[in-house]
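Please read the structure below before turning to the comments.
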Amino acid sequence: MNFRYKLMQFMSGRYGPDKLMYATLGISVCLAFVNLFVRAFGGFKAYLIIQLFVYAFLALTLFRFFSRNISKRARENEKFRNALAFAKRRRELYNQRKADECHVYRKCPRCKATLRLPHRLGKHKTVCPRCNTEFTVKVKK
């Protein structure tokens, strides 16, 4: 039997690669790269601590890759992907608001609703449409 067939037999029933595995592998590579500079500048204790984290992330990567508990690894990966999607939506919303020069965004002090207000300089009184709380908004620049 050739090596490829043996590898296929070994990996049969194992979880294999996913987004979370690639993320943990990337984190370990980045930490190893940072550790090169830490070691060069004489921080031996910091070097050892970071090296332990590198090994921990590599062990986690290998554990997930060769795991036979497929349903649990899939749930972990789904949580990771949901967290990434949430962070991506938050970043897009932040970029949209930053690009919007005609409005300012403020939170209501009572109900924490985000209000989109016209960009007029100075102090203004506004009313929250959700809870009818009146509050003052200061707009600069």
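The values are calculated or read from the model by the stated rules, or taken from the named source; none is laboratory data. Remember, predicted model here, so these are calculated numbers, not experimental data. Cβ sites come from the backbone with ideal geometry, for glycine too, and all protein chains shown count toward neighbours.
Tabulated data for the structure shown
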read-out: Elements of type strands (runs of 3 or more DSSP E) contained in the range 73-141, each with 2 or more residues being farther than 30 Å from residue 63 by Cα and more than 31 Å from the chain's Cα centre (by Cα); value: 122-127, 134-139
read-out: Neighbours by Cβ (under 9 Å, 6+ apart or cross-chain): first from the range 66-83, over 20 Å from residue 13 (Cβ atoms); second of a type outside the set (A, V, I, L, M, F, W, C); value: 80/18; 80/19; 81/18; 81/19
read-out: Hits in the range 81-120 - residues which are farther than 14 Å from residue 140 by Cα, surrounded by 10 or more Cβ atoms within 10 Å (Cβ to Cβ) and among the charged types (D, E, K, R); value: 81, 88, 89, 90, 91, 92, 97, 100, 107, 110, 112, 116
read-out: Cβ pairs under 8 Å, 6+ apart, first in the range 36-47 and modelled with pLDDT under 90, second hydroxyl-bearing (Ser, Thr, Tyr) and surrounded by 14 or more Cβ atoms within 10 Å (Cβ to Cβ); value: 38/47; 39/47
read-out: Inter-residue pairs, beta-carbon under 6 Å, first surrounded by 10 or more Cβ atoms within 10 Å (Cβ to Cβ) and in the range 1-23, second among the hydrophobic types (A, V, I, L, M, F, W, C), 6+ apart; value: 14/66; 15/70; 20/80; 21/65
read-out: Flag for residue 62 being free of Cβ contacts under 8 Å to residues at least 60 places away in the same chain, buried (at least 16 other Cβ atoms within 10 Å of the Cβ) and aliphatic (A, V, I, L, M); value: no
